[in-house]
Structures are given as structure tokens and as C-alpha cells.
1. For the range 5-65, what relative contact order do you get, as a whole percent, if you take Cα pairs closer than 8 Å and at least 6 residues apart?
2. How large is ³J(HN,Hα) for each residue in the range 24-34, as worked out from phi by the Karplus curve 6.51 cos²θ - 1.76 cosθ + 1.60 (θ = phi - 60°), to whole Hz, x for Gly and Pro?
3. Sequence gap at least 6, Cα distance under 8 Å: using those rules, report the relative contact order of the chain to the nearest whole percent.
4. Which ³J(HN,Hα) values, rounded to whole Hz and listed in residue order, are derived for the range 52-59 from phi using the Karplus coefficients 6.51, -1.76 and 1.60 in 6.51 cos²θ - 1.76 cosθ + 1.60 with θ = phi - 60°, glycine and proline given as x?
5. Using a 1.4 Å probe over the heavy atoms of the protein chains, calculate the carbon and sulfur portion of the accessible area of the range 1-47 as a whole percent.
6. How long are the three semi-axes of the equivalent ellipsoid of the chain, in whole Å, if each is the root of 5 times an eigenvalue of the C-alpha gyration tensor, listed from largest down?
7. Starting at the first residue of the range 80-92, write each ³J(HN,Hα) from the Karplus equation 6.51 cos²θ - 1.76 cosθ + 1.60 with θ = phi - 60°, in whole Hz, x for Gly and Pro.
8. Run lengths n ≥ 4 of DSSP H only: what is the helix-derived mean residue ellipticity at 222 nm for the chain, with -39500 (n - 2.57) per run over all residues, to the nearest 500?
Amino acid sequence: MITLLALPDVVLDEVFSFLTYDETAQLRVVCKQFNNICKKRLNKGFILAEKFENKCLKSMKSQLPRRESERRNHPLARHCDILSAIETRISMMSMTFNKYIETDLSCFIPGK
């Protein structure tokens, strides 16, 4: 009989891909193997979120007029403001988290 812990990390990673980030964070306390797999998933998710936000903001800014006075009244101005606020928050989180991610540690804890 094969136990769950006997499965290769690649298989467990695929199984964990169906979980939310909250559920993934909570699984880290089960054992060292789960901690390592979940840590990598959470770090990878944060990096992908950074890249996605950056791509969205660039795309949005490219659709806005060049003049600041025209930008304020543009239909996409509010969306761009929201993405800029998100960028600020992600940037602040990056300043804290990236040093841990680069050293192969995880700074994400269970909870929302």
C-alpha cells in the first residue's frame, strides 16, 4: 500500500495545486515534506501575482492618453488608480518578502 507521504513531490505539488493559498498555508504544519512543497507553491504564487499585476498596470497605462489632464477624465482612469494602489501594496510586501523568498524560506503563515 502506498501512503500519501510516499508519493513523489511532483505528484503532491500537482494535488496541492487544487487547493487555495489559505489551505496550502495551513498544510505546512503537517510535516517537513508538506512544508517544503507548500512553501515553494506560496512563494511561486506571490512572484506570479507580482508579474501579473505589473503586466496589467502596463497594459492599462498604455491605453490611457499621454496628457495628464486627459487621463483624469478617461473611462479607464479609475481602473488605473486601483491598479496603482495594488502595485503600492505589492511593492511594500515585496520589500519584506523577497529577501526570504530569495533565500528559499517562506514568510507566509496559515490564515487569510
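1. So the answer I get is 26 percent.
2. 4, 4, 5, 6, 4, 7, 5, 6, 5, 4, 5
3. The normalised contact order for the chain reaches 32 percent.
4. With the stated coefficients, the range 52-59 comes to 5, 4, 4, 4, 5, 5, 4, 4 Hz.
5. Carbon plus sulfur share of accessible area: 65 percent.
6. Rounded to whole Å, the semi-axes are 38, 14, 11.
7. So the Karplus estimates, Gly and Pro as x, are 5, 4, 5, 5, 5, 5, 5, 4, 4, 5, 5, 4, 5 Hz.
8. -23000 deg cm²/dmol, from helical runs alone.
The values are calculated or read from the model by the stated rules, or taken from the named source; none is laboratory data. Here the structure is a predicted model, which means the values were calculated and not measured. For neighbour counting, all protein chains shown are included, and Cβ atoms are generated from backbone atoms with ideal geometry for every residue, glycine included. The protein model used for the area step is the full one, side chains on, heavy atoms only, and it has no ligands, DNA or RNA in it. Shrake-Rupley method; radii C 1.70, N 1.55, O 1.52, S 1.80 Å.
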